[in-house]
Amino acid sequence: MSRWYTLHIKNEILFWFFILALFPLLTLTGINYYYQKSLAEGESKKHLRLILNQKVKSVNNYIEYTSKEIKILSEMPIVKDAISGYTKEFDKNKKFITKHQVYEELFSKILRENGFYDIFLIDKVGNIVYSVAKEADLGTNLINGIYAKSNLAKVYYSSISLLEVEVSKFEFYPPSNEEAAFISIPIYGDNKILGALAVQIDKEKVKSIFSDKEGLGISGEFFGATYNQYGKIVATTALKNNPKAVVENFQFSDDPFLPVYKAVNGQRGEGITDDYLSNEVVAAWGYIPALNWGVVAKMDLKEVFTPISNLRFYSIIILFIVSLGIVIAILMAIKHIVDPIEKLTLGVKNFANGKMVEDVSVDVDNEIGQLSKNFNDMAHTLKSSQETIQKYADELEEKVKRRTKEFEYAKNDIEKTNSDMQKFIDIVDKNVISSTTNIAGIITKVSQAFCDITGYTKEELIGKKHNIIRHPDIDSEFYKELWDTITQGKVWSGEVKNQRKDGSSYWVSSTISPVFNDNAEIIEYTSIRQDITDKKKVEELSITDQLTKLFNRLKLEEVYDTEMQRAQRYGHPMSMILLDIDHFKSVNDTYGHDIGDETLKDVAKLLKGSIRKTDIVGRWGGEEFIVVSPETSLENCMELAEKIRKNIEEHTFKVIGTKTSSFGVSTYHEGDTQGTLVKRADDALYEAKGTGRNKVVTLETV
């Protein structure tokens, strides 16, 4: 049964004009709309993530700046004199000094310039001997007094115990009758701890960062939240629809799908979701550990998609106008084309019915008119040739019958041979990892097995060189040796590490053979490979520390033996570095073993990025690492250790911030064993840790 559009040429012209004109226009308009919608969604997520990151960075920068400022203050002689004086007076009279003009002016000026809420001097036994604000906490003891469980007491004790700058979380602080956060640092004098300097951060200064709505449009909002003492999520900044949210202790829903719930629970992300008012929004959320706050930046989805809605409206208008124009053009084309074609069609129909001398008259000068003239000429010529053709047709018919039978027999034989050959080729193609290149190294053929192991299709491989799967770990010298061998007409065999399309690596045992022509000239190269990835993984696991991906202790001992034998045999220098992360136990105790593991991984990356190609680095155990430096004098090894120390000291670790390490360096002497060399490095490391840490020490003469 014929389709409706083939029943008449007019219908078919209309149909194909729709397919070739209107349908692509509709398709492109729809694709553009959804592309622009997707683009707007992606850009809005990216924009909100950028705003959130900038504000989080501003908060962290404020905390970091304040930490540096109080560190500078703690080292000022006048501050040391102040805490000594206030402490003596408090010890003598069991009360604090109420007035001291020099100190009052100093600390009041510091408070104004830095925007602090309050400044405290706390003696080494926990007494608050001075504060600028002079609230109810002045004169109390932070170890056994009424505020012993406050966040000020916690941060004071932590800084005194760890001898470092410590920052507290934002928690309710009774003397100030509001949430507050503190930064504390020990004060040293005459090689002993005099006490601690602490500042109370101005909460309003932190909140001012949240009040800036630039870049958030009309419906946008940026706010913070945290858990209160009752385990409820409450606002820590004003909300767009509730400026008194903090005062009124506004509580959010515990819905785990809300951005604020995810943010307060330490998650980061962005997406289209419902907000706490059940509005559909584009949001980005994150977490500020220093404040114990989750933060959210959001905009109403309707506002984000306003340009897209306008685009849809104007696209419909334009599509209607263009469609109307196309339809008018089609109708005019049909009028000037269809009538001549119908006349020609009638003439062809008469010709098919045997009326070969009847001319078709079409009064147009275009291609259809020329076609009509050619048709009339052809009809007359065919009539005169018909009898001759029929004669030869009869003769050919008999010959065709005979030859057809012969071809059928031959066809059956060829098809059977081809079928058997194809089965064999398919087996080889699926199971043998093979490829062929021309003499320039361009791939001309690959097996399906080659495609399966590399992840590339044949179309992606043919026409390329094998460096498409080259792994960056394999240096150029390896491939130079390979090409030197095969270009001399020799067969090359070896193990090669390659890289799949998805970036993962694999190992093969490869044999590459030259192919010669009749003149003994190389015309191409063929390669047969065997997958040995599992074998290599087993070998790597036996020598690798699974956490840091460096050499393990077993491999390091093997390297020692090899390098010491070389040093002993040839009289060349050899040195080693033993390093230990300072106060690493406090990282695990304070932040947990997961953060401790991440710190070890970061140190491993810093080591790999700091050493030379000839150096060997591995994890000796726990937080200890060893660097073996062949062909290296003690002086040069000390320089390398100092470089590594600075790189670790200047690095900012996730969560914990900065960290330092101590180093012991030793060098090989005749008669040394592995144990004696490590022992001298370990003794030097012990000396470094005992004399202040974060230094490079050797017990040998440089």
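The values are calculated or read from the model by the stated rules, or taken from the named source; none is laboratory data. Because the structure is a prediction, the values reported are computed rather than measured. Cβ coordinates were reconstructed from backbone atoms using ideal geometry, including for glycine residues, and neighbour counts include every protein chain displayed. The area values use the complete protein model at the heavy-atom level, side chains included, leaving out ligands, DNA and RNA. Shrake-Rupley method; radii C 1.70, N 1.55, O 1.52, S 1.80 Å.
Considering only residues that are open to solvent by less than 70 Å² (accessible area, probe 1.4 Å) and assigned to a strand (DSSP E or B), which ones fall in the stretch 189-210?
GLY189, ILE193, LEU194, GLY195, ALA196, LEU197, ALA198, VAL199, GLN200
Restricting attention to the stretch 622-632, does a residue exist that is of a type in the set (Gly, Ala, Ser), under 20 Å from LEU556 (Cα atoms) and in contact (Cβ under 8 Å) with a residue 60 or more places away in the chain?
Looking for residues that are of a type in the set (Gly, Ala, Ser), under 20 Å from LEU556 (Cα atoms) and in contact (Cβ under 8 Å) with a residue 60 or more places away in the chain, one finds none in the stretch 622-632, hence no.
Looking for whichever is exposed (fewer than 12 other Cβ atoms within 10 Å of the Cβ), modelled with pLDDT of 85 or more and part of a helix (DSSP H, G or I) here; the options are ILE72, ILE31. Which one fits?
Going through ILE72, ILE31 in turn, just one is exposed (fewer than 12 other Cβ atoms within 10 Å of the Cβ), modelled with pLDDT of 85 or more and part of a helix (DSSP H, G or I): ILE72.
Going by the structure shown, is GLY671 on the phi > 0 side of the Ramachandran plot and either in a loop (DSSP other than H, G, I, E, B) or modelled with pLDDT under 95 (or both)?
Spelling it out, GLY671 is indeed on the phi > 0 side of the Ramachandran plot and either in a loop (DSSP other than H, G, I, E, B) or modelled with pLDDT under 95 (or both).
Go through the stretch 599-619 and count every residue that is touching a strand residue (DSSP E or B) at 6+ places or on another chain (Cβ under 8 Å) and closer than 13 Å to GLN546 by Cα.
Matching residues across the stretch 599-619 total 4.
When only residues in the stretch 247-277 that are among the β-branched types (Val, Ile, Thr) and in contact with a Leu (Cβ under 9 Å, 6 or more places away or on another chain) count, which is most open to solvent (accessible area, probe 1.4 Å)?
Only one residue fits best here, namely ILE272.
Among the residues of the stretch 177-188 satisfying the criterion of being open to solvent by 10 Å² or more (accessible area, probe 1.4 Å) and closer than 27 Å to LYS80 by Cβ, which is modelled with the highest pLDDT?
Per the criteria, the residue is ILE185.
Among the listed residues THR658, THR691, THR701, which satisfies the condition of being of a type in the set (Val, Ile, Thr), under 37 Å from the mean Cα position of the chain (by Cα) and either modelled with pLDDT under 95 or surrounded by fewer than 20 Cβ atoms within 10 Å (Cβ to Cβ) (or both)?
One residue alone meets the criteria, THR658.
Consider ASP531 against the criteria (1) closer than 30 Å to GLN448 by Cα; (2) loosely packed, with under 14 Cβ neighbours inside 10 Å: it satisfies all of them except one. Which criterion is unmet?
(2)
Restricting attention to the stretch 166-176, and to residues there that are in contact with a Lys or Arg (Cβ under 9 Å, 6 or more places away or on another chain) and crowded, with 21+ Cβ neighbours inside 10 Å, which single residue is farthest from VAL264 (Cα to Cα)?
That would be GLU166.
Scan the helices (runs of 4 or more DSSP H) fully inside the stretch 513-597 and keep the ones with 1 or more residues being over 34 Å from the mean Cα position of the chain (by Cα).
It comes to 553-570.
Taking the stretch 454-486 as the region of interest, how many residues are surrounded by 11 or more Cβ atoms within 10 Å (Cβ to Cβ), in a helix (DSSP H, G or I) and among the hydroxyl-bearing types (Ser, Thr, Tyr)?
Of the residues in the stretch 454-486, 3 are surrounded by 11 or more Cβ atoms within 10 Å (Cβ to Cβ), in a helix (DSSP H, G or I) and among the hydroxyl-bearing types (Ser, Thr, Tyr).
Hey, any hits in the stretch 100-115 for a residue that's closer than 15 Å to ILE70 by Cα and modelled with pLDDT of 90 or more?
No.
Determine which member of the set THR548, THR526 is among the β-branched types (Val, Ile, Thr), surrounded by 12 or more Cβ atoms within 10 Å (Cβ to Cβ) and within 30 Å of ARG612 (Cβ to Cβ).
THR548
Here is a list: LYS149, LYS154, LYS203, LYS192. Which entry is under 30 Å from PRO243 (Cβ atoms) and among the charged types (D, E, K, R)?
So the residue among LYS149, LYS154, LYS203, LYS192 that is under 30 Å from PRO243 (Cβ atoms) and among the charged types (D, E, K, R) is LYS203.
What residue, among those in the stretch 661-683 that are surrounded by 23 or more Cβ atoms within 10 Å (Cβ to Cβ) and under 21 Å from VAL603 (Cβ atoms), is nearest to the chain's Cα centre (by Cα)?
Only one residue tops the list, namely SER661.
Residue-wise test of (1) open to solvent by 70 Å² or more (accessible area, probe 1.4 Å); (2) in a helix (DSSP H, G or I); (3) on the phi > 0 side of the Ramachandran plot.
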| position | (1), (2), (3) |
| --- | --- |
| VAL603 | no, yes, no |
| LYS608 | yes, yes, no |
| THR614 | yes, no, no |
| VAL617 | no, no, no |
| LEU640 | no, yes, no |
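Cβ contacts < 6 Å: first residue within 18 Å of ASN53 (Cβ to Cβ) and in a strand (DSSP E or B), restricted to the stretch 211-235; second residue at pLDDT below 80 and open to solvent by 10 Å² or more (accessible area, probe 1.4 Å), any location; separation 6+ or different chain. Result?
From residues that are within 18 Å of ASN53 (Cβ to Cβ) and in a strand (DSSP E or B), there are no pairs.
Do we have VAL627 as under 18 Å from LEU685 (Cβ atoms) and either within 29 Å of the chain's Cα centre (by Cα) or open to solvent by 20 Å² or more (accessible area, probe 1.4 Å) (or both) here?
No; evaluated as a whole, the condition is false for this residue.
Any residue that is touching a helix residue (DSSP H, G or I) at 6+ places or on another chain (Cβ under 8 Å), among the aromatic types (Phe, Trp, Tyr) and either within 30 Å of ARG693 (Cα to Cα) or part of a loop (DSSP other than H, G, I, E, B) (or both) - is there at least one of those in the stretch 178-187?
yes
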